[in-house]
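Enquirer: Sharing a structure below in structure tokens format, with a few things to ask.
The values are calculated or read from the model by the stated rules, or taken from the named source; none is laboratory data. Remember, predicted model here, so these are calculated numbers, not experimental data. So basically every Cβ, Gly included, is an ideal-geometry build from the backbone, and we count neighbours across all protein chains shown.
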Amino acid sequence: MTLSLQYSHITVTDPEAALAFYRDALGLDVLNDVASGGHHWITLGGADGGTQIVLSDPYAGRSQSDGDAIQELVTKGVLTNVVFNTEDDLDEVFERVRSTGAEVLQEPKDQPWGPRDCAFRDPSGNMVRILQSADQPQNA
């Protein structure tokens, strides 16, 4: 059996603010933008054609009580942790993202388990890590 991940949902409190982060700071392309019933889903993808994420608000397709619970977790910054891999120089990627005003959680660091990585918070509080595998060229 062969499986691959089609897309992953990231719940955000403000899809437009999140779009600016994921599109402008991280460089993902908008693949689809759907408004329905007062909610908004935005699909973004990478240049590799395989990595896709869907940004949606806490109430999109959910009950009021479920949306309230998810909204609380998103606001606390404890709901989503997404990890991207880059083949580019991590230090350059870090500086590009930081220059957009993104909240820095961790500057580039060599991890004892192999990769070099850094971390940010998106405008909703979700942690976004970017890593460069140990076997990729580094500017350490």
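Enquirer: Can you name every residue in segment 16-25 that is farther than 11 Å from Thr43 by Cβ and crowded, with 22+ Cβ neighbours inside 10 Å?
Expert: Ala18, Phe21, listed by residue number.
Enquirer: Write out, first by first residue and then by second, each pair whose Cβ atoms fall under 6 Å of each other, whose residues are 6+ apart or on separate chains, and whose first residue, in segment 87-104, is within 21 Å of Pro123 (Cα to Cα) while the second is at pLDDT 95 or above and surrounded by fewer than 15 Cβ atoms within 10 Å (Cβ to Cβ).
Expert: What qualifies is Arg98/Val104.
Residues are listed down the side, and each one gets a yes or a no for (1) touching a Phe, Trp or Tyr at 6+ places or on another chain (Cβ under 9 Å); (2) not in a strand (DSSP E or B):
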residue: Ala47; (1), (2): no, yes
residue: Gly50; (1), (2): no, yes
residue: Val54; (1), (2): yes, no
residue: Ala60; (1), (2): yes, yes
residue: Gln71; (1), (2): yes, yes
residue: Glu87; (1), (2): no, yes
residue: Glu107; (1), (2): yes, no
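Enquirer: Please enumerate the residues belonging to segment 36-81 that are charged (D, E, K, R), surrounded by fewer than 14 Cβ atoms within 10 Å (Cβ to Cβ) and in contact (Cβ under 8 Å) with a residue 12 or more places away in the chain. Steps first, please.
Expert: First, pick out the residues of segment 36-81 that are charged (D, E, K, R): 48, 57, 62, 66, 68, 72, 76.
Applying the additional criterion that residues be surrounded by fewer than 14 Cβ atoms within 10 Å (Cβ to Cβ) yields 48, 66, 68, 72, 76.
Within segment 36-81, Lys76 is the sole residue that qualifies.
Enquirer: Considering only residues that are crowded, with 19+ Cβ neighbours inside 10 Å and either of a type in the set (Ser, Thr, Tyr) or within 17 Å of Asn85 (Cβ to Cβ) (or both), which ones fall in segment 97-125?
Expert: If the condition is that a residue be crowded, with 19+ Cβ neighbours inside 10 Å and either of a type in the set (Ser, Thr, Tyr) or within 17 Å of Asn85 (Cβ to Cβ) (or both), then Val97, Pro108, Pro115, Arg116, Asp117, Cys118, Ala119, Phe120, Ser124 are the ones that fit.
Enquirer: Any idea which of Asp33, Asp57 is over 18 Å from Ser124 (Cα atoms) and out of contact with any Leu (no Cβ under 7 Å at 6 or more places or on another chain)?
Expert: Only one candidate passes the filter, namely Asp33.
Enquirer: Inside segment 13-43, can you point out the residues that are in a loop (DSSP other than H, G, I, E, B) and β-branched (Val, Ile, Thr)?
Expert: Thr13
Enquirer: Whether any residue in segment 114-125 is free of Cβ contacts under 8 Å to residues at least 60 places away in the same chain, more than 26 Å from Lys76 (Cα to Cα) and basic (Lys, Arg) is what I want to check.
Expert: Yes, segment 114-125 has at least one match.
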